[in-house]
2 protein chains.
Amino acid sequence: MSAVSSTVNIGRPRAFDVDTALEKALEVFWRKGYDGTSLSDLTEAMGINKPSLYAAFGNKEQLFLKAIELYESRPCSFFLPALEKPTAYQVAEHMLYGAAMNMADQNQPQGCVVVQGALSCSEAAATVKEALLNRRVDGEHKLRARFEQAKLDGDLPVSADAETLARYLGTVLQGMAIQANNGATSEQLRQVAEMTLQAFPRAG
Amino acid sequence: MSAVSSTVNIGRPRAFDVDTALEKALEVFWRKGYDGTSLSDLTEAMGINKPSLYAAFGNKEQLFLKAIELYESRPCSFFLPALEKPTAYQVAEHMLYGAAMNMADQNQPQGCVVVQGALSCSEAAATVKEALLNRRVDGEHKLRARFEQAKLDGDLPVSADAETLARYLGTVLQGMAIQANNGATSEQLRQVAEMTLQAFPRAG
DNA sequence: AGATATGTGTACTTAACGGTATATAACCCT
DNA sequence: AGGGTTATATACCGTTAAGTACACATATCT
């Protein structure tokens with residue numbers, strides 16, 4: 001009960017770094033989707049064998065879910081900071097420009113794994129599909145709550161519909177993920193962001 | 001050389017209707033994506049056995065491509081008519097409201113198979129992925145050409161950027177597909193359409 | 001040094017995958 | 001009625017899928 005094993009390194013040490021292996025797994029899932037990714041794809045990219053993968057991450061499904069967590073904390077790290085901007089308009093602005101930069105970044109797969117990781121998929125992928133859906137919906141709830149706060153703060157007109165604003169923004173952000181897959185550049189997505197903001201109410 | 005066999009019904013007749021079988025196949029691909037759909041899924045939904053499927057449609061890939069053609073002529077039939085509206089604004093209006101109605105229609109799978117049929121996928125799906133990508137890009141080119149015409153017609157300001165307008169619209173339309181998968185209703189998508197139009201230039 | 005604990009690589013299992021060979025059934029034409 | 005032609009159902013093919021058993025390697029602890 002008292003021994004916490006993780007601090008003491010007993011037994012043979014791992015021959016690979018768990019975090020970098022997870023990054024590699026994320027990249028594969030991102031490019032190929034859950035259904036399109038095989039364990040061979042994963043082990044090859046991660047540079048490990050299947051027993052090591054299962055020992056470290058559980059199974060394919062759990063590996064995917066862990067990769068998504070990593071995604072939200074690293075490659076897609078613009079969302080939460082944008083929420084903290086002082087006004088609703090600035091929140092939208094930073095969100096849209098952040099997405100434009102991020103989703104077409106040539107140093108990583110195009111688009112957003114939360115959108116494209118398991119959109120239409122087999123029954124075997126039902127769990128991860130739902131996990132992604134929940135994250136998309138949750139992101140919009142956060143936006144909505146932020147906009148409701150903005151109404152209280154007086155930087156959004158009281159007549160504004162926070163829910164619709166959040167859904168509009170969510171729609172464009174998710175659409176940008178498809179656009180990036182279509183080959184759109186960050187600059188082209190920036191122009192979309194600019195147009196999107198024209199429909200966005202400014203001062204209250 | 002002279003005999004056109006398709007009119008004369010020689011040999012054992014088909015025990016199924018090709019068009020309705022294709023509709024069933026489309027529905028499965030739409031819900032599960034190309035990678036997520038197995039031949040068993042298809043034959044079960046279509047009510048036929050594998051040899052019949054292969055004889056009538058070639059293979060899985062060709063069946064998918066035929067299903068997409070059907071999709072564009074039937075379940076997603078709002079796009080081309082919208083292009084023919086008299087002004088750019090009306091084009092955008094009909095496109096957006098048509099999509100809002102269509103993508104959340106409860107009588108068919110949610111979203112758009114051209115968006116979600118093979119977004120992130122295995123290498124085995126590379127051909128169909130590219131086919132879908134080409135259709136998305138082609139749709140945007142049609143929109144752009146329509147808006148350039150509108151500038152000549154004088155119902156869009158000459159200062160308007162047809163390419164960006166088309167991409168903005170494409171982004172929202174594709175985002176709506178994700179929204180529908182998220183569970184958004186047609187009414188909620190209509191509100192998004194309304195907001196989208198607020199950024200759209202009206203008379204020239 | 002030896003017991004204990006953990007990780008690694010190879011080889012395996014079971015099930016499902018996409019696709020097909022084959023025998024039979026159902027039609028047209030003469 | 002019988003030959004020619006096409007569709008059907010069953011049973012099968014080779015391959016790959018996800019997941020694991022097992023023998024061995026490498027560490028810590030006493």
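Laboratory data are not the source of any read-out in this text; all were calculated from the coordinates shown. Remember, it's a predicted structure, so these values are computed and weren't measured experimentally. Reconstructed Cβ throughout: ideal geometry from the backbone, glycine too, with neighbour counts over all protein chains shown.
Using Cα pairs under 8 angstrom and six or more residues apart, how large is the relative contact order of chain A, in percent? Once normalised by length, the contact order is 23 percent. Between copies, residue A:149 shows label-point distances of 4.8 nm, shortest first, with the point placed 7 angstrom from Cα along Cα to C-beta. Among residues of chain A, the one whose beta-carbon sits closest to the A-to-B rotation axis is listed with its distance in Å as A:175, 1.
Grab the Cα-Cα distance for residue B:40 and residue B:8, subtract it from 0.36 nm times how many residues apart they are, and report the gain in nm with one decimal. Display every interim value, and only then the final one.
Details: separation 32, 0.36 × 32 = 11.52 nm, distance 3.19 nm.
Here the segment from residue B:40 to residue B:8 would lengthen by 8.3 nm.
In a simple Cβ point-charge model (Lys, Arg +1; Asp, Glu -1; nothing else charged), the protein assembly as shown has a dipole of about 540 debye relative to its Cα centre. For the pair region B:127-177 / region A:181-204, the C-alpha centres are spaced 15 Å from each other. With a 10 Å cut-off around each Cβ of A:114-126, the average count of Cβ atoms from other chains is 6.
Summary of packing: across the peptides B:168-174, A:89-95, A:74-80, A:50-56, the per-residue average of other C-beta atoms within 10 Å ranks them, highest first, as B:168-174, A:89-95, A:74-80, A:50-56. With label points defined 7 Å past Cα in the direction of Cβ, position residue A:16 shows copy-to-copy spacings of 4.2 nm, given to one decimal and shortest first. With a 10 Å cut-off around each Cβ of A:177-189, the average count of Cβ atoms from other chains is 5. Label-point distances for residue A:183 to the equivalent site in the other copies, using a point 7 angstrom along Cα→C-beta, read 3.7 nm when ranked shortest first. Averaged over the residues of peptide A:134-144, the number of Cβ atoms from other protein chains lying within 10 Å of each residue's Cβ is 1.
Please return the longest range in chain B lying between exposed loop sites, taking trypsin sites (Lys or Arg not before Pro), DSSP loop only, at most 13 other beta-carbon atoms within 10 Å, and leaving the sites out.
B:15-201
How far is helix A:162-182 tilted, in degrees, relative to the longest principal axis of the Cα atoms in chain A, given as a value from 0 to 90 rounded to the nearest 10? The answer is roughly 50 degrees.
Simple point charges give the picture: +1 on the Cβ of Lys and Arg, -1 on the Cβ of Asp and Glu, and for region A:1-74 a dipole about the Cα centre of about 220 debye. Toward the positive end of the charge dipole of the protein assembly as shown, with +1 on the Cβ of Lys and Arg and -1 on the Cβ of Asp and Glu, the farthest Cα among B:81, B:58, A:172 is that of B:58. Panel note: the C-alpha atoms of region B:1-150, placed on their principal axes, show extents of 54, 41, 30 Å (largest first).
Can you flag which of A:32/A:85; A:24/B:66; B:85/B:129; A:142/B:142; A:32/B:66 are past 25 Å Cα-Cα?
Values: A:32/A:85 34 Å; A:24/B:66 35 Å; B:85/B:129 31 Å; A:142/B:142 36 Å; A:32/B:66 23 Å.
Result: A:32/A:85; A:24/B:66; B:85/B:129; A:142/B:142 exceed 25 Å.
About its Cα centre, the dipole of region A:53-204 is roughly 120 debye, where the only charges are +1 on Lys and Arg Cβ and -1 on Asp and Glu Cβ.
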